[in-house]
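Okay, structure first, notes after.
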Amino acid sequence: MSTYYKYQFISPEGIYSTVKEELKSYFDTGAIDDLLFPTYVDKCLKALGKSSYTITQEVLFVEDFEARLPDNFHAVREAWMCTSISARSYQSASSFYSQTFGTAIQVVPTILAGEESPLTSEELQCADCDTSPAVYKTNYEFPRSYQKMYLLKPGNISARRNCDVDYTDLWNDASGYPVNYNTPGASSFDSFDIRDNKFVTNFRTATVYLVFYATDYDEIGNQLIPDNYLISEYIYKFLKYKMFETLSNQTNDETFNQLMVKLEKAQRESDEAYILAESEIKKQTVEQKQRAIRRNLNRFNMYELPNRSQRTGWNNRR
């Protein structure tokens, strides 16, 4: 299983406010507006690649060769075939309401809120009484279990909606060698495809653990961005550049040369910020650097003498 670094994500509302405040005169006159800000932010994140999207996990239950993808799905990072094993149970979405604590009802003596009630059953049923029977809410738990076994491979799968299983009789051809008849239209035995917002496989039923890139939004519908200074600075300067580009295509009080100077400056700053943000995305984390150092240190372990446990000046750590 691959390791990855997860950014903290924040709302871009602060960047929107900064841009609108710095270009306040243009916004007050109505020459520009913030209508396309979400579109520009989406363009910035796509330019930086999948690393600028949040990484989340989901369990898919494949039925009839396909499973519906989550609503915030953007791209697949890992897809694991799973098998059953003991795991933590999950709680039912529905609830059961009862006036007794538990499933057993004790009539005599009357138990109310875990203690014996002095009231009779007729008094408890009285509508005018101040004391009413307690109501208990019960959520049932269902056990589920699965274990990651091996990675699935991305590939093309036939777009036929109705699959037949007659091809399973053709596992071996006349020469006796296995052929790929058990996966018609697929590139391999354990491949998957993304089509029509569905996770399509070449096996009929399975449990798949999906690690994917997702698009998350705040409470007012703004797409979240990584909480990183260089990435935030790139989005901020890109928004300013697009605002001046919009102004250059309109008629206003400033001369064309004045707008072009501002536009060229904003574009240059945006391009420089993009280079810094892209370098930040591709930069190795501390854990990745440690792995690279260990990998380079152990590159020539196969050439060490059998009776040597240490390398000169270095510990032979694996």
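Odds and ends about this structure:
- With neighbour counts taken as other beta-carbon atoms within 10 Å, the residues 40, 53 rank, fewest first, as 40, 53.
- Ranking of 82, 44 by count of other Cβ atoms within 10 Å, fewest first: 82, 44
- Long-range HN-HN contacts of residue 9 with modeled amide H, under 5 Å: 227
- Other-chain or far-sequence residues with amide H under 5 Å of residue 199's (modelled H): 67, 68, 69
- Between residue 265 and residue 35, the modelled labels are 2.8 nm apart [label points 7 Å from Cα along Cα→Cβ].
- Cross-link pairs 50/265; 20/50; 24/46; 46/240 - those with Cα-Cα distance over 25 Å: 50/265; 20/50; 24/46
- Residues 302, 260 arranged by fewest to most Cβ contacts within 10 Å: 302, 260
- The stretch between residue 258 and residue 21, if pulled fully straight at 0.36 nm per residue, gains 83.3 nm over its current Cα-Cα span.
We did not get these values from a lab; they are worked out from the coordinates using the rules stated. Just so you know, these numbers come straight off a predicted model, no measurement behind them. Glycine also receives a Cβ, built like all others from the backbone with ideal geometry; neighbour counts cover every protein chain displayed.
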